[in-house]
Each structure stands twice: as structure tokens, then as C-alpha cells.
Amino acid sequence: MVLPLQKAESALRCRGLVKRYGDVVAVAGLDLAVERGECFGMLGPNGAGKTTAVEIFEGLRWPDSGEVEVLGDEWRGDGLALRRRLGIQLQETKFPDKLRVREVLSLFRSFYPRGLAIAKALTLVALEEKADAQVRTLSGGQKQRLSLACALIGDPELLFLDEPTTGLDPQSRRQTWEIVEGLKARGRTVLLTTHYMEEAARLCDRVAILDHGKVIALGTPRELVASLGAEHVVEVTVDEGASAALTAEVLAALPSVEGVAREGGRWRLTVREVHRAVPALLGALAERGATATELTTHHASLEDVFMALTGRRLRDA
Amino acid sequence: MPEHAGDDARGPLTELTLARVRELVREPEAVFWVFIFPILLAAILGLAFRSRPPEALPVAVVAGPHGGVRLAALSAQAEIKPHLLAEAKARQALARGKVVLVISADDPPVYAYDPTQPESRAARLAVDSALQRAAGRADAFIPGHAELTEPGTRYVDFLVPGLLGMNLMGTGMWGIGFSLVVARQGNLLKRLVASPARRSHILGAQLLSRLIFLVPEAGALLLFAWLALGVPVRGSLLLLVGVSLLGAVAFSGLGLLTAARPRTIEGASGLMNLVMVPMWIFSGIFFSTERFPAVMQPFVQALPLTALNDALRAVMLEGAGLAPLLPELALLAAWGGISFVVALKLFRWQ
């Protein structure tokens, strides 16, 4: 049997996407391509335009301008044929309180001509024991997993997850991550949005960092961190009196330091080797009669990439 | 991994309808308001306005030589309750309204009463005829009596079709409106639209579940009214079902229209009341629409609940056929149809 050549089309492609709400530009010229089989993350602070962009991809909103192609198709008409190939999890969905988990799944299953058996979907999201429980008795994490199961029930070619772990406790979050990793292992294409850099780093093959409706960085998590030029971050806070003596030039000249940024009374240094930079830093402080009131180091993360690009933090940006 | 739907798999319209039905039957409050409340209301109002046997009229017979005979003659009459009293006591009882007429001790007697009081005048007629008869007057003829307390003309007979209409309105508007606004508020509508569910199925299921509930809801009230209160259904039962169905559809349309835009339950509640309160007042649930002045009649008669109540009463109490109901049914159909079309144009899915 000869298999036809698989057309190398992207799972999702958008060009020049713009969406305004009055004076607010939610999406400001977005270009993206998500390849089949990858887990693609859109990382950005609240208000970066992630949800608006995803809802345009999902055919729930119309862009003011730009093009979207989903699984090689465009949104037109009722879009039912395309919807049958997609799995969608909205940021928050309140399923009817009085319905049982099994009944909700059976309802959503009925919309798809082909898909998973209810039992299979329950297993995927580890809700077998709750199959006959009413939705109102579920915890936040269990409700989120039910919502995930509804997105999976049609066995979609492309899965959209909009902030799948926002508001969940750490245990539920890890559980969701494991489910998504299981999907990745089966070669599903996933597009997820998040404002948790750990989530993007752990789950995504590629990450687009969004700010003010635009992609400001794109690559694998490793590439993005590497773009900082150094793998570690040293943060130091110096006591008030002596802080004037310390300048960015002084810090940048220290061995192994690749970047310097100031955040109030705190300095952030991107460094290649902590064991060389930190003694030099402490020496420089002592020379100027300054003392460090706080000194921390960590591996550079996507959060540091975001900060290096915008000067703001992801969470409270 | 993909599996085809098994034999037990139901279609999307069935599943959506089933979900609504399950939600409702698992909500005890909803069951109370839909099924128990109208029956309770019919029972209480039926009891309050039940037809009582007329009370006997109290009269005083002044003690004297003829007192005993007269007392005996009057005691035989069901509509008179005579008391034998001394002259002064009798006058006092009349003045205080304890009796409505005093029969003096004279022969022939003098009737003392207030002619402006209908009860006194009625007592005079009854007393006079009883005493004349006792004195030997023969009746020229004995008339028959048609007492109008039979089913079909009592207040409760008027009330039950009105309550049925009110219930059809309330559950139609709330049943559809409330569930849609809750679904919109909780992003469930948006989630359904994001899935390959047809919008016509999503809304169609709302209507279907309404019609399914119509059967036990209207059935329970009618059965109670028939068995416990003796309210008749003189016309065709099929026509009654048809009128109720059309009413339910019309109010489902209005419910859909009211719920087309609001994002919150509070917003929807305000609109629902705006639509329903005028009909509670003007549409002849508890009293006849004839009581409103002529200038208001065009408004009163244009309300869908007025048309529904009139049609229900005509079928149940007058045994009307289809033809005389056509104007009411056309009005209901117009309300329903226009509401549906406008609602679909305005409907906010997200």
C-alpha cells in the first residue's frame, strides 16, 4: 500500500492579525505558525492579547484584519466541519451543576461524528471515580479536567488550551501537565496560552512570548533562555546609603557578567558562571563600603527573558 | 484510539434536551414552582372563594299570644332563623343588627325592618309568605328552582384556566430565559458554540424540553382541578392540549427574546418582570379583563396571556371548538413567531 505524500501544511498559521476594542489594540499584527505535532505556547502577561488571539484562531471572534488558517482551512459559514477537528478548552466554563460528569461528556461526545469513548476520556483526565458525580461536587482541579476531557472527546487534530492551569493548586497543575505531556507523546498538536513560565518551559516545544498584542520573542524555551547570553541570574540588593556608588558600568565590567538591569534598589545580573561573578561582585561592593542586604541566584528562565525584553515581570506586568 | 459511537449513542438534539430535562428534575425548587405551586394556588383560592350555602336570616318574634305559633311556622323555613324575644329586647336586637326584621305581637302582625337593607327585604318576603301559608293561604303554584352552583360557573372554574395560562407564561419565560442567561454567564453557551454543535440544536433543545415539561405541568394542574375541584373541560381535550402547546411555544419565544442579550441573571430578571407583571395584572388571571375601562381594552386584548386565557376558558368552560378561537390563536402565533425571529437576530452567544 502506498501512502499519499503528507502535505506539509501547518496546523495553524496567521498573518498580520489585528483586533481592536475601541481604542485598545488587543492584537497588534500577529504572525505565527504552529507546526503539526508540536506543543506551541503563547506566553505573556495578562492583557497581552493571548486569549483574544486564541479566540480568533478558534473562530469565536473575527479579526479586524489579517488572515487565519486552521488545519489548512479558513473560518467561513458555520465552520462545523472544521470544528469537528478541533478540541477547545476555554479559560473558564461553568458546566451545569446538576449534570453528572458522564452526562456532560456524553453531551459533548454527541456533537462529534467520531471521537473517544466516554470511559477512555475519563481515564485520560483521571476522573474515572467521579464519572457519576454531579459537577457541583467537583473541586476546581476536577472541573478543569472535565473541561479538558470535553476538549479531547472528539479526538481532535488540534487542541487549544487557554490558560489551562490558571487558578489551580500545585497538585492539580502538575496533574494537568501530565495529561498534556501524554497528549504530546501521542503526537497531538497543542496550542496553549499561559502566564506561567514554568508551564511554558515544561510543556512547550516552542514558545512565543507576547506583549501588547505582538510576538516579542519566538523559539524553543532553551533558545529563548540562551538568547540572554548567559544561563544564570544574580539578584543583589544593596543597602540604601552605599547604593549611589554602584553603577551599571561597574557591574557590567565584572567577570562573566553579560547583562545588567536595575529594578528599584535591586540589580539583576545575567551571568555565565556564578562562581566567578559572585566573588567579584562581593569584592566590588566591599571596595565601595557597600553591603548586600540580599543576594540570590537562579537558573535563567523564560521569566528572565521576558524581563530582559520588557523590563517588567510576567505576573504583575 | 478513535472509536465510533456505540449503539446507545444519542444525537446532539436529544442529548441537549436530555441535559435540560435532567437539570430541571434535579432542582427541587424548580419542581415546586412548576408543579406544586399552581396546584397549591388553585386549592387555596378555590377554598377561599368556594360557594357557601346561603345563611339563614335572623328575625325576632315578639312574645305574645301568637308568638308560639308564629315561631313554629317560621322555624320550618330553611332561610329564616327566628328568635322569640320580649318586645324591648327585639327592638334592641334590630337596632344592633342582630336580627334583620321584627314581627310584632299584634294580629295581624306588623313587620319592622329597614327597607334599604337587601337582607331585611328578603326576610320580609320569606316571613310574610311563611306566616300567610301557616294562616291557611294556598300557593297558586309550586315553582321549580334552578340553583346556579353547578361546576362551570363558579369562581374556581374561572380561576383554573387563568392559573394554567399564568403557569405556561411563567415556566416558558423563566424555563428558557433563566437557563440561557446562566449558560451565557458561565461561558457554557460560548463553549457549546466552540464545539461542533448546531446553534439550532442548542436553542431547539430549550424549546423541546419546555414542551416535554408542559405535559406533566399542565396535566397535574388540570387533573387536580378536575378531581378535587370539579372544574369541567367541556371542549375537546385535544384542542385544550393544542392551545396549551401554542401558548407554551409563544411564551418560549418571548423567553428567548428576553434572554437574547442580558449577561447577568439580575439583568434578565428585570426584563422578565417588565414583560410578565403587566400580564399578571391585565390578562385576566384572577378577574375578568372586562373590568378595565374601554380605553385600555386594545392594550389588554393585545397581550398574549389575555389571548391564551380567553382561549383556555373558551375551551374548558364554554366547550368552544377551533373556529371561534382562531383570532386568539393567531395572536399567540404572531407573538411567538415574531419573538423567535427577533430573538435569533439579537442573540448574544458569548
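The values are calculated or read from the model by the stated rules, or taken from the named source; none is laboratory data. All values derive from a computational prediction rather than experimental measurement. Cβ: placed from backbone, ideal geometry, glycine included. Neighbour counts: every protein chain shown.
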- Query: Restricted to the range A:83-96, and to residues that are in contact with a Lys or Arg (Cβ under 9 Å, 6 or more places away or on another chain) and more than 8 Å from chain B (Cβ to nearest Cβ), which residue is nearest to A:Leu148 (Cα to Cα)?
  - Reply: A:Gln89
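Condition first: among the aliphatic types (A, V, I, L, M) and modelled with pLDDT under 85. Now tell me which residues in the range B:1-35 satisfy that. Working first, answer last.
As a first pass, look at the range B:1-35 and keep what is among the aliphatic types (A, V, I, L, M): B:1, B:5, B:9, B:13, B:16, B:18-19, B:21, B:24-25, B:30-31, B:34.
Those that are among the aliphatic types (A, V, I, L, M) and modelled with pLDDT under 85: B:Met1, B:Ala5, B:Ala9, B:Ala30, B:Val31, B:Val34.
State whether the residues of the range A:110-126 include one that is within 13 Å of chain B (Cβ to nearest Cβ), within 23 Å of A:Val207 (Cα to Cα) and surrounded by 20 or more Cβ atoms within 10 Å (Cβ to Cβ). Steps first, please.
Of all residues in the range A:110-126, those within 13 Å of chain B (Cβ to nearest Cβ) come to A:110-121, A:123-124.
From what's left, within 23 Å of A:Val207 (Cα to Cα): none.
Checking the range A:110-126: not a single residue is within 13 Å of chain B (Cβ to nearest Cβ), within 23 Å of A:Val207 (Cα to Cα) and surrounded by 20 or more Cβ atoms within 10 Å (Cβ to Cβ).
Considering only residues of the range A:152-191 that are of a type in the set (A, V, I, L, M) and farther than 17 Å from A:Leu71 by Cβ, which is nearest to the chain's Cα centre (by Cα)?
Restricting attention to the range A:152-191, the residues satisfying the condition of being of a type in the set (A, V, I, L, M) are A:152-153, A:158-159, A:161, A:168, A:179-180, A:183, A:185, A:190-191.
Imposing the further condition that a residue be farther than 17 Å from A:Leu71 by Cβ reduces the set to A:153, A:168, A:179-180, A:185.
Details: A:Ile153: 23, A:Leu168: 15, A:Ile179: 15, A:Val180: 12, A:Ala185: 18 Å.
Filtering first and then ranking leaves A:Val180.
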- Taking the range A:147-164 and keeping only residues that are more than 12 Å from A:Leu124 (Cα to Cα) and in contact with a Gly (Cβ under 9 Å, 6 or more places away or on another chain), one is left with A:Gly154, A:Pro156, A:Glu157, A:Leu158, A:Leu159, A:Phe160, A:Leu161
- Just for strands (runs of 3 or more DSSP E) wholly inside the range A:151-254: which have at least 2 residues that are closer than 25 Å to A:Ala53 by Cα and of a type in the set (A, V, I, L, M, F, W, C)? A:158-162, A:189-194, A:206-211, A:214-219
- Message: If A:Ala284 meets every condition in (1) over 29 Å from A:Thr220 (Cβ atoms); (2) in contact with a helix residue (DSSP H, G or I) (Cβ under 7 Å, 6 or more places away or on another chain); (3) buried (at least 19 other Cβ atoms within 10 Å of the Cβ); (4) not acidic (Asp, Glu) apart from one, which number is that one?
- Response: (3)
- Query: Regarding A:Gln142, is this residue over 17 Å from the mean Cα position of the chain (by Cα), assigned to a helix (DSSP H, G or I) and either under 26 Å from B:Ala19 (Cβ atoms) or free of Cβ contacts under 8 Å to residues at least 24 places away in the same chain (or both)?
  - Reply: yes
- Message: What's the total number of residues in the range A:115-138 that are among the polar types (S, T, N, Q) and in contact with a strand residue (DSSP E or B) (Cβ under 7 Å, 6 or more places away or on another chain)?
- Response: 1
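Give the residues of the range B:101-134 that are of a type in the set (A, V, I, L, M) and either assigned to a strand (DSSP E or B) or farther than 17 Å from B:Leu57 by Cβ (or both), sorted by residue number.
Here is the first cut: in the range B:101-134, the residues of a type in the set (A, V, I, L, M) are B:101-103, B:105, B:110, B:112, B:122-123, B:125-127, B:130-131, B:134.
Result: B:Leu101, B:Val102, B:Ile103, B:Ala105, B:Val110, B:Ala112, B:Ala134.
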- Task: Collect the residues in the range B:11-24 that are facing chain A (nearest Cβ under 9 Å) and part of a helix (DSSP H, G or I), keeping them in residue-number order.
- Result: B:Pro12, B:Leu13, B:Thr14, B:Glu15, B:Leu16, B:Leu18, B:Ala19, B:Arg20, B:Arg22, B:Glu23, B:Leu24
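With a cut-off of at least 3 residues that are crowded, with 17+ Cβ neighbours inside 10 Å and modelled with pLDDT under 90, name the helices (runs of 4 or more DSSP H) lying wholly within the range B:185-258.
Working: elements: B:188-194, B:199-228, B:237-258.
Per the criteria, B:199-228.
Can you pull out every residue in the range A:160-171 that is closer than 26 Å to A:Arg13 by Cβ and away from chain B (no Cβ under 12 Å)? Even if it seems obvious, please write down each step before you answer.
Initially, the range A:160-171 is screened for residues closer than 26 Å to A:Arg13 by Cβ, giving A:160-164.
Scanning the range A:160-171 gives A:Leu161, A:Glu163, A:Pro164.
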- Sort out which residues of the range A:61-85 are more than 15 Å from A:Cys14 (Cα to Cα) and touching a strand residue (DSSP E or B) at 6+ places or on another chain (Cβ under 9 Å), and write them in order of number. A:Gly79, A:Ala81, A:Leu82, A:Arg84, A:Arg85
- Message: Restricting to the range A:97-109, count the residues that are at the interface with chain B (Cβ under 7 Å from one of its Cβ atoms) and of a type in the set (A, V, I, L, M, F, W, C).
- Response: 3
- Query: Is the range B:225-245 home to any residue that is under 16 Å from B:Ala183 (Cα atoms) and in contact (Cβ under 8 Å) with a residue 12 or more places away in the chain?
  - Reply: no
- Message: Just to be sure I understand, how many residues within the range A:278-291 are modelled with pLDDT under 85 and closer than 25 Å to A:Val225 by Cβ?
- Response: 0
- Query: So is B:Leu159 touching a residue at least 40 places away in the same chain (Cβ under 8 Å), within 14 Å of another protein chain (Cβ to nearest Cβ) and of a type in the set (A, V, I, L, M, F, W, C) or not?
  - Reply: no
- Would you be able to tell me the number of residues in the range A:274-311 that are of a type outside the set (Gly, Ala, Ser) and either under 27 Å from A:Cys204 (Cα atoms) or under 28 Å from the mean Cα position of the chain (by Cα) (or both)? 12
- Message: Quick check on this structure: which one of B:Val21, B:Val31, B:Val69, B:Val62 is surrounded by 14 or more Cβ atoms within 10 Å (Cβ to Cβ), more than 30 Å from B:Met173 (Cα to Cα) and hydrophobic (A, V, I, L, M, F, W, C)?
- Response: B:Val62
- State yes or no: is B:Ala314 assigned to a helix (DSSP H, G or I) and crowded, with 24+ Cβ neighbours inside 10 Å? no
- Item | Enumeration of residues in the range A:180-196 that are surrounded by 17 or more Cβ atoms within 10 Å (Cβ to Cβ) and either within 11 Å of A:Leu90 (Cα to Cα) or modelled with pLDDT of 90 or more (or both) | A:Val180, A:Thr189, A:Val190, A:Leu191, A:Leu192, A:Thr193, A:Thr194
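Could you tell me whether B:Met296 is over 16 Å from the mean Cα position of the chain (by Cα), aliphatic (A, V, I, L, M) and closer than 30 Å to B:Asn187 by Cβ?
Values: over 16 Å from the mean Cα position of the chain (by Cα): yes; aliphatic (A, V, I, L, M): yes; closer than 30 Å to B:Asn187 by Cβ: no.
Judged against the criteria, B:Met296 is not a match.
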